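Visitor: The following block contains the structure, expressed as structure tokens.
The values are calculated or read from the model by the stated rules, or taken from the named source; none is laboratory data. Being a predicted model, the structure only gives us computed values, none of them experimental. Virtual Cβ from ideal backbone geometry, glycine too; neighbours counted across all protein chains shown. Surface areas here come from the heavy atoms of the whole protein model, side chains and all, with no ligands, DNA or RNA. Shrake-Rupley method; radii C 1.70, N 1.55, O 1.52, S 1.80 Å.
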Amino acid sequence: QSPTLSPTATVFNAAVVTCGGTFEYCIDTPFARWTTDLVIPSDGRHRVVLDTCGHTGNLSDTQIFQPCRNDDDQDTCAELNISTGTSPQYQSYCKTNDAGYVASSVVQLEIGAYGSESGCATLNVQCELITSAPTPPPTVLPPAAPPPPGVTGPNEVACGDSVEYCINVRRRRWTPRLIIPSSSSHEVTLHTCGHNGTMRDTRIYGTCRNDDNKPACLALGLATGTRPRWQSLCETPAYSAGTVLTLNIGGYRNTRGCATLNVVCVAVAGPGVGANAPQALEADEGPKITDEVESGSAVSTVAVAAVVVAIVVVIAGIVVSRRRFKHSPDAPELEWIDAGLPDLLDAASDDAVANPAHAIDSPTHFYPDGVRTVV
């Protein structure tokens, strides 16, 4: 027996139905039922309204079993001005209770026929908004933390910035916040290439890490400025849009001074990774021995070895002799030698500078940034 269907029907017994749609279903076996899923709209809580009013199929007696129940409701169909079609007195109408269903939830419908009836009919599905879904409040970040004492620089940086920072106390770090743009995931490049500040040796500790990267600075055409061989550059993986990063910038070991950090962001496709987890900082490497001095002349290997021997002599003298040293007006000129001293010499260096009376009458004297040798 061929069913007579309404002209709007396109699918029989659909697996999923939507609010505002009209769907054809057929009951081919007595007592069988059509089950289908309805997805509640995402804009808030809804009640569900179902009816077979006005259908023109060959099912003479429809019935709704779930999520609400009804067999015959000609009166309501008449109020809707659709009490027409096949057996209007046996058409069905019902709605769920006022509690409704939460946004985006899935509701199972169960539709069929009265008793052992079989045939085809039309189901109308409506969703009535009860309460709108609350709009989530915008994410408000707490203010970025200011730099620690002895460090200057802004609390927050952005993609495209070139920002000066200063490390005035040994081993302190500048930790500004960087927020990835909300438009897409981005890779970030951090570098100090080409800076003209007073910091002779920059270092990037987070979120990526690098100490010296002159080749990368050369590739950018920026291997200029203060000590190009000791300028830094590193790249991060792609971070998801809106990710909040904490950078960690400073100088190599005890290096102090000012430099410029450049923040370059490149948009990439894909989700990216989340915020960076706290990273354990790398242990400082051994002292750097450079073949450069401030005057531009070279220091031979023999001269460096001589400086090391002199340092040992001075330490022993500080501990044992504690003799007074006074620099006379006609003392010979002093020349800087950047020896990159190990940490164990820092205390003796600071003591000799702060208390000249503790220094030793020796050809070699300690100063904060290296060793001065009488020439």
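Visitor: Out of all the residues in the stretch 73-82, which are in contact (Cβ under 8 Å) with a residue 12 or more places away in the chain, part of a loop (DSSP other than H, G, I, E, B), more than 55 Å from the chain's Cα centre (by Cα) and surrounded by fewer than 18 Cβ atoms within 10 Å (Cβ to Cβ)?
Guide: Within the stretch 73-82, none qualify.
Visitor: I'm told THR131 meets every condition in (1) assigned to a strand (DSSP E or B); (2) buried (at least 17 other Cβ atoms within 10 Å of the Cβ) except one. Can you identify the failing condition by its number?
Guide: With (1) assigned to a strand (DSSP E or B); (2) buried (at least 17 other Cβ atoms within 10 Å of the Cβ) applied to THR131, the lone miss is (2).
Visitor: Same structure again: Select from the stretch 147-198 the residues that are touching an Asp or Glu at 6+ places or on another chain (Cβ under 7 Å) and among the acidic types (Asp, Glu) and list them in ascending order.
Guide: GLU187
Visitor: Taking the stretch 55-72 only, how many residues are without any contact (Cβ under 8 Å) to a residue 40 or more places away in the chain, in contact with a Ser or Thr (Cβ under 6 Å, 6 or more places away or on another chain) and open to solvent by 20 Å² or more (accessible area, probe 1.4 Å)?
Guide: Qualifying residue count for the region: 1.
Visitor: Pull up the stretch 146-178, narrow it to residues that are assigned to a loop (DSSP other than H, G, I, E, B) and either of a type in the set (Phe, Trp, Tyr) or at positive phi (or both), then point me to the one that is surrounded by the fewest Cβ atoms within 10 Å (Cβ to Cβ). Don't jump to the end; show me each part of the working.
Guide: Within the stretch 146-178, the subset assigned to a loop (DSSP other than H, G, I, E, B) is 146-150, 153-155, 158-161, 168-173, 175-176.
Okay, now just the ones that are also either of a type in the set (Phe, Trp, Tyr) or at positive phi (or both), so 150, 153, 160, 171.
Numbers: GLY150: 13, GLY153: 20, GLY160: 10, ARG171: 14.
Looking at residues that are assigned to a loop (DSSP other than H, G, I, E, B) and either of a type in the set (Phe, Trp, Tyr) or at positive phi (or both), I get GLY160.
Visitor: Considering only residues that are open to solvent by 50 Å² or more (accessible area, probe 1.4 Å) and within 14 Å of the chain's Cα centre (by Cα), look in the stretch 179-198 and name the one that is nearest to ASP211 (Cα to Cα). Explain how you work it out, then say what you get.
Guide: So the first thing to find is which residues in the stretch 179-198 are open to solvent by 50 Å² or more (accessible area, probe 1.4 Å), and the list is 179, 182-183, 187, 196, 198.
Narrowing the set further to residues that are within 14 Å of the chain's Cα centre (by Cα) leaves 179, 182-183, 187.
On the way: ILE179: 24, SER182: 30, SER183: 31, GLU187: 20 Å.
Result: GLU187.
Visitor: Please specify each residue of the stretch 223-242 satisfying the condition of being open to solvent by 10 Å² or more (accessible area, probe 1.4 Å) and among the hydroxyl-bearing types (Ser, Thr, Tyr).
Guide: Matches in the stretch 223-242: THR224, THR226, THR236, TYR239, SER240.
Visitor: Taking ASN210, is it loosely packed, with under 13 Cβ neighbours inside 10 Å, modelled with pLDDT of 95 or more and farther than 16 Å from VAL266 by Cα?
Guide: Numbers: loosely packed, with under 13 Cβ neighbours inside 10 Å: no; modelled with pLDDT of 95 or more: yes; farther than 16 Å from VAL266 by Cα: yes.
No; evaluated as a whole, the condition is false for this residue.
Visitor: Still on this structure, please answer the following. Can you tell me how many residues in the stretch 21-44 are assigned to a strand (DSSP E or B) and among the hydroxyl-bearing types (Ser, Thr, Tyr)? If you could, list the steps in order and put the result at the bottom.
Guide: Keep residues of the stretch 21-44 that are assigned to a strand (DSSP E or B), which gives 22-27, 34-39, 44.
Add one more test, that the residue is among the hydroxyl-bearing types (Ser, Thr, Tyr), and what stays is 22, 25, 35-36.
Total meeting the criteria: 4.
Visitor: Among residues belonging to the stretch 143-178 that are of a type in the set (A, V, I, L, M) and modelled with pLDDT of 95 or more, point out the one that is farthest from the chain's Cα centre (by Cα).
Guide: Here is the first cut: in the stretch 143-178, the ones of a type in the set (A, V, I, L, M) are 144-145, 151, 157-158, 163, 167, 169, 178.
Filter again for modelled with pLDDT of 95 or more, leaving 151, 157-158, 163, 167, 169, 178.
Numbers: VAL151: 25, VAL157: 14, ALA158: 13, VAL163: 21, ILE167: 26, VAL169: 30, LEU178: 9 Å.
Checked the stretch 143-178; the qualifying residue farthest from the chain's Cα centre (by Cα) is VAL169.
Visitor: Can you pull out every residue in the stretch 95-113 that is open to solvent by less than 20 Å² (accessible area, probe 1.4 Å) and either outside any loop (DSSP other than H, G, I, E, B) or among the acidic types (Asp, Glu) (or both)?
Guide: Step one: list which residues in the stretch 95-113 are open to solvent by less than 20 Å² (accessible area, probe 1.4 Å), which gives 96, 100, 107, 109, 111-113.
Passing the criteria: VAL107, LEU109, ILE111, GLY112, ALA113.
Visitor: Residue check, SER60 against (1) more than 51 Å from the chain's Cα centre (by Cα); (2) outside any loop (DSSP other than H, G, I, E, B); (3) among the polar types (S, T, N, Q), all met but one. Which one?
Guide: Result: SER60 fails condition (2) only.
Visitor: Quick one: how many residues across the stretch 35-54 are closer than 16 Å to LEU123 by Cβ and surrounded by fewer than 20 Cβ atoms within 10 Å (Cβ to Cβ)?
Guide: Qualifying residue count, the stretch 35-54: 6.
Visitor: Taking the stated definitions as given, is SER92 of a type in the set (Gly, Ala, Ser), within 19 Å of ALA14 (Cβ to Cβ) and open to solvent by 10 Å² or more (accessible area, probe 1.4 Å)?
Guide: No: the conditions fail for SER92.
Visitor: In the stretch 256-273, how many residues are more than 12 Å from VAL157 (Cβ to Cβ), out of contact with any Pro (no Cβ under 8 Å at 6 or more places or on another chain) and surrounded by fewer than 21 Cβ atoms within 10 Å (Cβ to Cβ)?
Guide: Taking the stretch 256-273 first, the residues more than 12 Å from VAL157 (Cβ to Cβ) are 256-259, 266-273.
Keeping just the survivors that are out of contact with any Pro (no Cβ under 8 Å at 6 or more places or on another chain) gives 256-259, 266, 268-271.
Filter once more, so that each one left must be surrounded by fewer than 21 Cβ atoms within 10 Å (Cβ to Cβ): 256-258, 266, 268-271.
Residues flagged as more than 12 Å from VAL157 (Cβ to Cβ), out of contact with any Pro (no Cβ under 8 Å at 6 or more places or on another chain) and surrounded by fewer than 21 Cβ atoms within 10 Å (Cβ to Cβ) within the stretch 256-273 amount to 8.
Visitor: Go through ALA216, ALA223, ALA241 for me and flag whichever is more than 15 Å from ASP201 (Cα to Cα) and without any contact (Cβ under 8 Å) to a residue 60 or more places away in the chain. Give the steps one after another, and end with the answer.
Guide: Details: ALA223 fails: more than 15 Å from ASP201 (Cα to Cα); ALA241 fails: without any contact (Cβ under 8 Å) to a residue 60 or more places away in the chain.
Just one listed residue meets the conditions, ALA216.
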